[in-house]
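Worksheet: the structure to be examined is printed underneath.
The values are calculated or read from the model by the stated rules, or taken from the named source; none is laboratory data. Not measured: the values here are computed from a predicted model. Heads up, the Cβs are rebuilt from the backbone with ideal geometry, glycines too, and the neighbour counts pull from every protein chain shown. All accessible areas refer to the heavy atoms of the entire protein, side chains included, with ligands and DNA or RNA removed. Shrake-Rupley method; radii C 1.70, N 1.55, O 1.52, S 1.80 Å.
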Amino acid sequence: MTDVLEILRTGVASLLHWLAWPLLVYFLVGNVIQLLLIGLATADSMDRPARQRREGQVRLLASRSVPGISVIASMFNEEVGIVEVASSMLALNHPLHEVILVDDGSKDATFTVLAQAFDLVEIPNVSIEDISVREPPISTFVARDTAVRLTVLRKKNSGRADSLNVGVNAAREDLVLFVDADSLLDPRALLSVAQPFADDERTVAVGGVIRAVNGCAVMHGRVVSVRPARTWLPRIQGVEYLRAFNLGRAGWARMNSLLLISGAFGTFRRDVLLEVGGLDPSSIGEDFELVLRIHKRMRRLRRPYRVRFVTEPICWTEVPSTLRVLSRQRSRWHRGLWETLWQHKDMLFNPRYGRLGFLALPHYWLFELFAPLFEAGGLVLLVLGLLLGLVNTDLLIAFAVVSYLLSAVVTLFAVLGEELITHRNERARDVASTILASVVEQFGYRQITVWFRLRGWWASLRGTEQVWGVMSRTGFGGQLPSVPPNKALPPPPENAAGEGSR
Amino acid sequence: MDVVLPHVLVQGLLWVSLATVAALLLTIAVVRTTRTLTAAMSARVLAPLADDLLAVSTGEDPTGEAAARLIDVPRRHRATVERAIVARLEFLRGTTARALTDILEAWGVRSRWAERCRSPWAQRRAVAVSDVGLLHDEALIDVVIPLLRDRSRTVRNSAVRAIGRLQSARGAAMVLDACATDSRSHLPLWVAMEGLAFPGAEAAVAEAIAHPCSRVRTAAAHAVTLWGWTSTATPIRHALTLEPEADTRVHQVRALGVVGSGTDIDLLMEMSSPQSPRGVRVAAIGALAEVCDDSETFSTQLTDNDAIVSRAAARAYGRHRSTPGVQPTVPAGASMAAIQELALSRLRAPAVRLPLTEGGR
């Protein structure tokens, strides 16, 4: 027994000897990158004062040359809330927008409730395939009152990506906004995302801030009061979203290297979508994959282009409130991340892709994909080192505190950004609660999400088929809609489980 | 670990991160408190002036007493009142806007705002140039024009909007020039339109229709489409016959649809033929719908294999056939896309609303 312990002790000691410095460097570089992204995000938000943003939106609303937007959502068994969501989409502030709902073979009364609510009438079905699809629409319906620009397409079930491609084929406006059929949009959402396209003709895609709606007061499909979730699990995810969207994505967008626009809220130029062939229905991380493909094409053709990000909270989605659902979500995200990065590995360190190839993609490989591996490995080594008396306890505690404090710094910057720009937190105690959640997440939540992510990666490497499962939600305003098997879970905030303490 | 990990580094990081956390917490507290106090102070300052502000903003101050009281606001409260006035000015025009700007002028904001337009901070320049535009005084154009070439996109866009408010013909010409691709950081088309949205821009636009740069020609044609200046019909017609760029031709064709007449049908028919690019064809069909009364004009395009083209033709055809009480019929040989579009036109046909418009009278 003593021999075994001695061998273990020697093995762990040599591992620590060899890995301590690389892990420390990894940790430091990760945090320096976070701080750089914070700087870039700050510069981005300072570039456009609130008044200029508002002024631009007011002008956009009154403009006759504004780019039109087709809002496209795929729906599957959404009978509970779809009428409210469709009404809220139709009522968004924008002078020229249409709503296209693609019924992806719902088994419930989704279509019937829509048909009744909007007095839908069937028109001749035309299968225009600007983008080739697996399942073309079987029938096309529009609202009898054509002032209501609603089109409902019915088709056999073929998944979210394919349904959205069907919607893109039917879209008539220059811009296309992908949105989840159970996400709530801010009334100004369309103006916010249309503005970067209007202000800069090079813009090909725009992402927006998605926030957790758990805990918020919702009335008639609108978030009327922002509150943190009542339970810790969604509250911590709310902090993750805050960090990832307010700092990470804004920072990458500033460098024109934003790789991820969430499918729950992403706007694209329709002609560009047609050029790249739309979403890939076989991809698990179809949103990530699409943006990478757009970057790839634009860089290959040497076309000037921009992928932008708007930092106002404009889309609200419900985050998982149980560990089981969270587990499935994080596994799927990580699996999608791995498969997409592997699919586009040719872009890595390829001079043709500039900053994307040398900065953004290596960051995703090192600090997103490998993060759970390094984190789990480091944790196991430290615990072993501690048990075997190889690690100085005081130093370890100091290191852990530094790690947690750096994570808190990132969260605090995100909160500060909210305080300076959007003023969404009405009560001081909500701010305190957000900060507290960033502390609590370090004890258990972080570690368990590392495990979920590793599991997703492992499942992909083993070639296990992705099972979507059913995600029960608590719903808005006490409703209990369920998320269908084909439906995307809420969008992945990058750094979802690992940022800050690296 | 204790051997290899430098204590000093970890200790240093610990203190730096602790200090940063403390500083950030303090900053958040200060930001929140400042915001609350500023809001309270604004409310306190504006409450007694609310009636006066309302009277001036709605033109219900014939004696000028309310305006005089606002001018006499103590200097320490002027910044707050200035913000309130600027917020109203963004939505006001005409005499009421003039009454409000008179108050600001009495406080000497003109020179202060003009000075701020030269600030080294882009954010400050952007706000200042927007403010200058709110004064609606063409004499300020020289302050604004240099900012059309500013290194900040936000400042450039704000400068264009300010020119639209100042309604300066010289400014409009400069906006068009700033659209040129060879200019430093050229203006987006949509933003440029905001600097041309006034009658005085017509001459500058007419001149720009024959500009050597295709992007300027596009901007000019787009402005004609939006504002429908009929005096530009001849230059547009002429430019269209010579235009080498397809994108520009699309805009010129649309413009001709707005300002053209029946004499342009042949030219537009030529543009809608399969020899033209798709964008030009679609624009030409739309323009034909504006200048031509005969729905049979679109019979060829209705059968076109290109779904986008046949849809456009169906829209134009349905529009002509959607006279009250007459449902558009589906012509023989129409493509499926056209049939779908015609079905939509049938929905739009005012058969349901007929009793309200005709029978109800």
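List of remarks:
- Between B:T232, B:T303, B:T329, the GNM of chain B built on Cα springs shorter than 10 angstrom shows B:T329 fluctuating the most.
- In this view, the solvent-accessible surface of B:I339, computed with a 1.4 Å probe and all protein chains in place, comes to about 40 Å².
- When the Cα atoms of chain B are aligned to their principal axes, the ranges along those axes come out at 83, 80, 49 Å in descending order.
- Reciprocal mean inverse distance between Cα atoms of segment B:28-107 - Kirkwood radius, Å: 13.2 Å
- Across segment A:119-124, coupling constants 3J(HN,Hα) worked out from phi with the 6.51/-1.76/1.60 Karplus curve, θ = phi - 60°, read 6, 6, 10, 7, 10, x Hz, and Gly and Pro carry x.
- Distance histogram for segment A:258-297 (every C-alpha pair counted, 10 angstrom bins, percent rounded to whole numbers): 32, 64, 4
- Neighbours of A:P228 by Cβ distance under 10 Å: Lys/Arg scored +1, Asp/Glu scored -1, total +4.
- Simple rule: put +1 on each Lys or Arg Cβ and -1 on each Asp or Glu Cβ in chain B, find the dipole, and look at B:T27, B:L268, B:V253; the Cα lying farthest toward the positive end is B:T27.
- Label point distance in nm, A:T2-B:R149, each placed 7 Å from Cα along Cα→Cβ: 8.6 nm
- Length released on extending from B:T58 to B:E138, taking residue separation times 0.36 nm less the Cα-Cα span: 26.4 nm
- Other residues within the sphere of radius under 11 Å centred on the Cβ of B:L54, judged by their own Cβ, net out at -3 (K and R +1, D and E -1).
- Filtered trypsin sites (Lys or Arg not before Pro), segment B:184-247: DSSP coil and at most 13 other beta carbons within 10 Å: B:R184
- When +1 charges are put on Lys and Arg Cβ atoms and -1 charges on Asp and Glu Cβ atoms, the dipole computed for the protein assembly as shown relative to its Cα centre reaches about 1320 debye.
- Estimated FRET transfer efficiency (A:I138, B:H238; beta-carbon r; R0 35 Å; 0.05): 0.10
- The loop-placed GluC sites (Glu not before Pro) in segment A:355-452, going by DSSP, that have at most 16 neighbouring Cβ atoms within 10 Å of their Cβ come out as A:E426.
- Theoretical ellipticity at 222 nm over the protein assembly as shown - DSSP helices of four or more residues, -39500 (n - 2.57) apiece, nearest 500: -17000 deg cm²/dmol
- Partners of A:K156 within straight-line reach, counting aspartates and glutamates whose Cα lies under 13 Å from its Cα and excluding those fewer than 8 residues away in the same chain: A:D103, A:D104, A:E135.
- Principal axis dimensions, segment A:412-459 - Cα atoms, whole angstrom, descending: 42, 20, 15
- Per residue, in Å², the accessible surface of segment B:28-107 once ligands and nucleic acids are set aside, probe 1.4 Å: 56 Å²
- For chain A, the direction-averaged projected area of the alpha-carbon convex hull comes to 24.0 nm².
- Computed from point charges on the beta carbon alone (+1 for Lys and Arg, -1 for Asp and Glu), the dipole magnitude for chain B about its Cα centre is near 1120 Debye.
- Chain B: DSSP helices with Cα axial extent of at least 15 Å and average Kyte-Doolittle hydropathy no lower than 0.0: B:7-46, B:78-89, B:94-106, B:122-134, B:214-227, B:246-259, B:278-291, B:336-348
- When chains B and A come together, the accessible area they lose, probed at 1.4 Å and totalled over both chains, is close to 5700 Å².
- Taking segment B:28-107 and dividing mean pair separation by its residue count, relative contact order in percent (alpha carbons under 8 Å, at least six apart): 35 percent
- The protein assembly as shown - share of DSSP beta bridges that are antiparallel (%, nearest 5): 45 percent
- Mean silhouette area of segment A:167-315, derived from the convex hull of its C-alpha atoms and averaged over all directions, reads 9.4 nm².
- Stokes-Einstein diffusion coefficient of segment A:126-241, Kirkwood radius over Cα pairs, 25 °C, 0.890 mPa s, in µm²/s: 143 µm²/s
- Rounded Å value of the spacing that divides the Cα centres of segment B:27-99 and segment B:113-146: 21 Å
- Rh by Kirkwood over Cα pairs, then Stokes-Einstein D for segment B:1-159 at 0.692 mPa s and 37 °C, µm²/s: 173 µm²/s
- One way to sum up the overall shape of segment A:231-383 is the equivalent ellipsoid from its Cα gyration tensor, whose semi-axes run 27, 20, 15 Å, largest first.
- Spin-label model, A:A147 to B:A50: label points 7 Å out along the Cα-to-beta-carbon direction sit 3.4 nm apart.
- For segment B:118-160, the fraction of alpha-carbon pairs in successive 5 Å shells from zero, as %: 5, 28, 38, 21, 7
- Total charge dipole magnitude, segment B:28-107, about the Cα centre, Cβ charges on Lys, Arg, Asp, Glu only, Debye to nearest 20: 540 debye
- Global size of the protein assembly as shown: 29.8, 105 Å for Rg and Dmax (C-alpha atoms, Rg to one decimal, Dmax whole).
- Taking the empirical scaling 2.2 N^0.38 Å for compact globular proteins as reference, segment B:245-338 has a Cα radius of gyration ratio of 1.01.
- The modelled label-to-label distance for the pair B:S299/B:D266, using points 7 Å beyond Cα in the direction of Cβ, is 2.1 nm.
- The local environment of A:R297, defined by Cβ-Cβ distances under 10 Å, has a net charge of +4 under the rule Lys, Arg +1 and Asp, Glu -1.
- A Förster distance of 35 Å, applied to the separation of the beta-carbon atoms of B:T38 and B:L14, puts the FRET efficiency at 0.45.
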